[in-house]
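The values are calculated or read from the model by the stated rules, or taken from the named source; none is laboratory data. Note that this is a predicted model, so its numbers are computed, not measured. Cβ coordinates were reconstructed from backbone atoms using ideal geometry, including for glycine residues, and neighbour counts include every protein chain displayed. Accessible surface is based on the protein model in full, side chains and every heavy atom, while ligands, DNA and RNA are left aside. Shrake-Rupley method; radii C 1.70, N 1.55, O 1.52, S 1.80 Å.
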Amino acid sequence: MENSEQVYFEPAHDVISLPSKGMFYKNKKDSVKVAYMTASDENILTSPNLLQSGKVLDVLLEKKILDKDIKAGDLLPGDRNAIVFFLRATGYGEIYPVELEDPRTGETFVEDIDISALPTKEINLAPDENGECSYVLPKSGKTVKFRFISSEEDEKLIKADQMRSKKLGSNSISQIMTLRLQNQITEVDGIRDKSAITQFVDSMSPMDSSQFRKHVSDNEPGLDLTINVLAPSGEFFFGELPITSKFLWPYV
């Protein structure tokens, strides 16, 4: 009698260490198993429906992340990007040609960047058991607790802001900056009431809000995308690695 029980074999994969080191997740997960890209994955990358909806990376990551205890949408943006860079490096090669402008002559040139050599940003935060961190606002002196929001949460905020703008028309003003602050800040001087936090954010001084955003951005886990390139004129190009359509579609 034949054994009809199906045996599942995991596809070829690697274990990717997350830049966040799991410090900001409830399950403290610091690595994930990620399957290598295959030719069939190019069906996802070239799907007109997915390209139009902007869901290409969501679908690709859901397929490639083999762990069942974390979803792609639950990942912090920096962890998500690290996986995308791994997939690109192992799928199409570690060298990513980028077009840059010579700061002295203004002429464009192409530089090959080894994306596998990009370092991980150092984490200089000490999150509590809930993954929240503290920051003292420079002007008001108030102590806020904050969290990093996931890729899925940020996407929902952007969509909500876009829907609001569409409803109000051409004279509407984007609220995305304060929406992010309202979702990042979880406590103000011990107060965790959501409506109170919303009111506080709306009345924050520009100094406090800008310095807080800078603090969050500077300390957000992820890859360090800073590049320092010697241009043909002998001048150095210093800036952030530009991500274009050639990153995941190098041969299109």
Residue of G222, G54, G131 that the Gaussian network model of the chain assigns the largest fluctuation, springs spanning Cα pairs under 10 Å: G54
Near K194, which lysines are there with a Cα under 28 Å away, not counting those fewer than 8 places off in the same chain? K26, K28, K29, K71, K139, K142, K145, K156, K159, K166, K167, K214
DSSP-loop chymotrypsin sites (Phe, Trp or Tyr not before Pro) across the stretch 1-98, with at most 12 other Cβ within 10 angstrom: Y8, F9
Under the helix-only model (-39500 (n - 2.57) for each DSSP H run of 4 or more, divided by the residues of the chain), the mean residue ellipticity at 222 nm, to 500 deg cm²/dmol, is -10000 deg cm²/dmol
How big is D for the stretch 1-159, in µm² s⁻¹ as a whole number, if Stokes-Einstein is applied with the Kirkwood radius of its Cα pairs at 25 °C and 0.890 mPa s? 131 µm²/s
If one builds a Gaussian network model of the chain from Cα atoms under 10 Å apart, the most fluctuating residue listed among D58, D69, D128 is D69
Could you let me know the centre-to-centre spacing of the stretch 209-223 and the stretch 123-195, using Cα atoms, in angstrom? 12 Å
At a 1.4 Å probe, what is the % contribution of carbon and sulfur to the accessible area of the chain? 52 percent
Would you work out the relative contact order for the stretch 89-232, in percent, from Cα pairs under 8 angstrom that are 6 or more residues apart? 27 percent
Quickly work out the S245-to-Q52 label distance, labels modelled 7 Å from Cα along the C-beta direction, and quote it in nm with one decimal. 1.6 nm
Quick check for you: with a 1.4 Å probe and neighbouring chains kept, what is the accessible area per residue of the chain, in Å²? 60 Å²
Pseudo-spin-label distance D202 to D112, built 7 Å along Cα→Cβ, given in nm, is 5.6 nm
Let me have the relative contact order for the chain, percent, based on Cα pairs under 8 Å that are six or more residues apart. 20 percent
Tell me, what is the percent relative contact order of the stretch 41-101, built from C-alpha pairs under 8 Å that lie six or more residues apart? 18 percent
